[in-house]
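The values are calculated or read from the model by the stated rules, or taken from the named source; none is laboratory data. Just so it is clear, the structure is predicted and the values come from calculations on it, not from any experiment. Counting neighbours? That spans all protein chains shown, and the Cβs are built from the backbone with ideal geometry, glycine included. With ligands, DNA and RNA removed, areas are computed over all heavy atoms of the protein, side chains included. Shrake-Rupley method; radii C 1.70, N 1.55, O 1.52, S 1.80 Å.
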Amino acid sequence: LPRRTRGSGSCAMADRRDIVRERDVIANGIRLRVREQGAHGASVPSLLLLHGINDRWESWEPVISALAARYHVIAPDLRGHARSDKPDDGYALADYAADAAGLLDALNVGRVCVIGHSLGALIAAYLAAEMPDRVHALVLEDPPLCQHADIDEWARLRVEAQGLNTAEQTAAMLRDLVPDRPDADIEQEAEWLRATAQGPFIAILTGEIDLTSDQSAMLRRIACPTLVLQA
């Protein structure tokens, strides 16, 4: 085989991360918008990115190209978010995890590494605990693992902000709730919140997604290597 220089390796990495595809995929019976980046093949490990509530795949933009230099990156909009389907129900962790498994099946991907943020971290943990054959390694970024007594009020206020007539009104309400955040962040959050279904927030309010209990029992069922980054 020809010797590979450092320069040629760098070019190969750059070429790999430049392979980008965004499309709709039917998974678990619903349509998910998915961003794929990086080469896809038997020798390239796959990495699934699961965003938080009120987010979308673009929340990974600061890191997705760097990750795509080494991985086939799969970043969906979760059900109820952005350009994916917004069914009236089906927002339990089991539903989200079934979506993730269905997406991997649709993309002909077996076992993956998973990085999840916030709600996405809970989904990732559930996926690893309940479907261990699908997850090779796990990163949980700021998962809501502890009891959150005020989570119902947080979810109720987001539903109220969603229902306001204009994006400007939504942004104004969010600015009152988190006055120390930069205006650009508030405006983006307002836009993304208005593009999110009420389902994920209603699931919190009804206890379908239980954020008031200790999640340690689920963590104990995870057998793969796991990194927890708790803010």
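Tabulated values for the structure
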{"item": "Residue match in the stretch 196-215 (condition: open to solvent by 90 Å² or more (accessible area, probe 1.4 Å) and part of a helix (DSSP H, G or I))", "result": "no"}
{"item": "Boolean, TYR71 is aromatic (Phe, Trp, Tyr) and under 16 Å from ASN28 (Cα atoms)", "result": "no"}
{"item": "Any chance HIS136 is closer than 21 Å to ALA39 by Cβ, touching a Pro at 6+ places or on another chain (Cβ under 9 Å), open to solvent by 10 Å² or more (accessible area, probe 1.4 Å) and not hydrophobic (A, V, I, L, M, F, W, C)", "result": "yes"}
{"item": "Residues of the stretch 74-103 classified as surrounded by fewer than 23 Cβ atoms within 10 Å (Cβ to Cβ), touching a residue at least 60 places away in the same chain (Cβ under 8 Å) and of a type outside the set (D, E, K, R), total", "result": "9"}
{"item": "Total residues in the stretch 92-120, condition touching an Asp or Glu at 6+ places or on another chain (Cβ under 6 Å) and within 23 Å of GLU191 (Cβ to Cβ)", "result": "2"}
{"item": "Selection from the stretch 57-73 of residues that are of a type outside the set (Gly, Ala, Ser) and open to solvent by less than 50 Å² (accessible area, probe 1.4 Å)", "result": "TRP57, GLU58, TRP60, ILE64, LEU67, HIS72, VAL73"}
